[in-house]
Amino acid sequence: YPSTINVSGVTGTVSKVTVTLAGLNHTYPADVDILLVGPGGQSVILMSDAGSSGGNAGNLVNVNLTFDDTGAALPAAPQIVSGTYKPTDFEAGETFSSPAPAGLYGSTLSVFNGTNANGDWKLFVVDDTSGDTGSLAGGWSLTVATASTGPQPPTITAIADQTTLTNTPTPALAFTINDADTPIGSLTLSNASSNPTLVPT
């Protein structure tokens, strides 16, 4: 408490985070509270008070959960099955003991967007009620996508391979030029042919 994954050597800033819990077991899943904290201190509750029914109908048995902001909410009851879910908190005001940070906690993984991915990512997992037990048999993993920062080169959309009959030009070919750093009026486009005998510039 916590379990830590250290990320290093990643350029750019975070644009998307997903988290996978592998082999989650628990005899009463509503007791389980899970908090993810990023290197910059941002945090989100991944799961709290979900799947409220215990017993055989509600047990978590080797369940694999992926948390992604595009997923559906975890069910309140009874059964949680393997799948992709968005962070789901059924008990507002949940607290985690030190060394977890004090609330307020985020509700979406986008809380990490724009931050530095490098450093310690910490997962805090607690059972907030006595009498039931669980485990995370397969551990957890983190997927972090980043967006580049700083000056970016211009881009041009792809042009598919073309065929045409002899002495027959192709129709006009559409493409788009973009540059995030330079006003369109300041861009210069040049062209050349790798085989001017076949395709004159």
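Read-outs throughout are calculated quantities, based only on the coordinates presented, and are distinct from any laboratory measurement. Everything numeric here is computed off the predicted structure, so don't read it as measured data. In this analysis, Cβ positions are derived from the backbone assuming ideal geometry, glycine residues included, and neighbour counts consider all displayed protein chains.
Structure data summary
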| read-out | value |
| --- | --- |
| The chain: relative contact order as a whole-number percent, Cα under 8 Å and 6+ apart | 29 |
| Cut-off under 5 Å, modelled amide H: who pairs with K16 long-range | A145 |
| Amide hydrogen neighbours beyond the local backbone of F96, cut-off 5 Å, H modeled | G103 |
| Percent of C-alpha pairs per 10 Å bin, the chain, short to long | 8, 27, 23, 12, 11, 11, 6, 2, 0 |
| Beta bridge orientation in region 34-135: antiparallel %, DSSP, nearest 5 | 50 |
| Antiparallel bridge percentage (DSSP; both residues within the chain; nearest 5) | 80 |
| Charge context of H26, other residues only, Cβ under 9 angstrom, K/R +1, D/E -1 | -3 |
| Protection proxy ranking, peptides 117-128, 159-170, 20-31, average beta carbon neighbours within 10 Å, highest first | 20-31, 117-128, 159-170 |
| Value of [θ]222 nm, deg cm²/dmol, for the chain, DSSP H segments ≥ 4, -39500 (n - 2.57) each, nearest 500 | -500 deg cm²/dmol |
| Cα-Cα pairs of region 109-189 separated by more than 21 Å (percent) | 66 |
| Residues N62 and I177, FRET efficiency given R0 of 41 Å [Cβ-Cβ distance, rounded to 0.05] | 0.20 |
| Long-range HN-HN contacts of D68 with modeled amide H, under 5 Å | Y85, K86 |
| Peptide ranges 44-51, 105-112, 186-193, 9-16 listed from the most packed, as the mean C-beta count within 10 angstrom indicates | 44-51, 105-112, 9-16, 186-193 |
| ³J(HN,Hα) computed for each position of region 128-140 - Karplus, 6.51 cos²θ - 1.76 cosθ + 1.60, integer Hz, glycine/proline x | 8, 9, 7, x, 10, 9, x, 7, 10, 5, x, x, 9 |
| At 1.567 mPa s and 4 °C, Stokes D of region 35-120 from Kirkwood alpha-carbon radius, µm² per second | 93 |
| For region 55-156: relative contact order, % (alpha-carbon pairs under 8 angstrom, 6 or more apart) | 18 |
